[in-house]
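The values are calculated or read from the model by the stated rules, or taken from the named source; none is laboratory data. These numbers were taken from a predicted model, which means no experiment stands behind them. Every residue, glycine among them, receives a Cβ derived from its backbone with ideal geometry; neighbour counts consider all protein chains shown.
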């Protein structure tokens, strides 16, 4: 009750101040302001929701240990290890932006529209990435006879050699992870990731698995 009285006094003071300082505020407007003030006093007050410390703690834990974040962080760690190894071997071309497209291109070549579908990006973004890798000598484009709107993306001979070096380093990185997780842990990890990645698709062939 005391809080409501204090709020009423503050509102009255504000309205009186406005009415006394604005010259063109005529008497009928002041009456209107008073009526509006009185109607506002009887509006129900909605309490501000408070989030408990327990809920914030649960949220922090779920964000830190959620499977989505763990997969993203693991992917970032893998990419950093691979890029570092390639740089140490004198090949700085494996940046995150340039290499993201490589796993989605089959050795026999893939349509640009299919690469865009697999990656979930636009055809324009695929064309830009392919152009950069063309300039590096790793990819080539050819007209797609079956689809005039698309082009076929293929690896050059240098691109295939590049893939071979990548996968030699991937084997070394898997060895590093095995030291962390153990042989049994790596076997379980590979099985789970395979089920997630290919569970809704046909089982990949040996060549398709190597491409990734």
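No other residue among 62, 52 is surrounded by 10 or more Cβ atoms within 10 Å (Cβ to Cβ) and farther than 30 Å from residue 161 by Cα apart from 62. Look at region 64-77: where a residue is within 17 Å of residue 196 (Cα to Cα), no partner that is not in a helix (DSSP H, G or I) sits 6+ places away or on another chain with Cβ atoms under 7 Å. Each residue in region 113-139 was checked for being within 26 Å of residue 91 (Cα to Cα) and crowded, with 18+ Cβ neighbours inside 10 Å, and 7 of them qualify. Screening 197, 183, 172 for residues that are in a helix (DSSP H, G or I), in the same structural domain as residue 85 (by TED's automatic domain parsing), modelled with pLDDT under 95 and out of contact with any strand residue (DSSP E or B) (no Cβ under 8 Å at 6 or more places or on another chain) leaves exactly one candidate, 197.
Can you find a residue in region 139-153 that is at pLDDT 95 or above, more than 27 Å from the chain's Cα centre (by Cα) and not in a helix (DSSP H, G or I)? Checking region 139-153: at least one residue is at pLDDT 95 or above, more than 27 Å from the chain's Cα centre (by Cα) and not in a helix (DSSP H, G or I). When restricted to residues that are touching a helix residue (DSSP H, G or I) at 6+ places or on another chain (Cβ under 8 Å) and exposed (fewer than 13 other Cβ atoms within 10 Å of the Cβ), region 145-166 contains 1. Taken together, the residues in region 96-111 that are in a helix (DSSP H, G or I) and modelled with pLDDT of 90 or more amount to 3.
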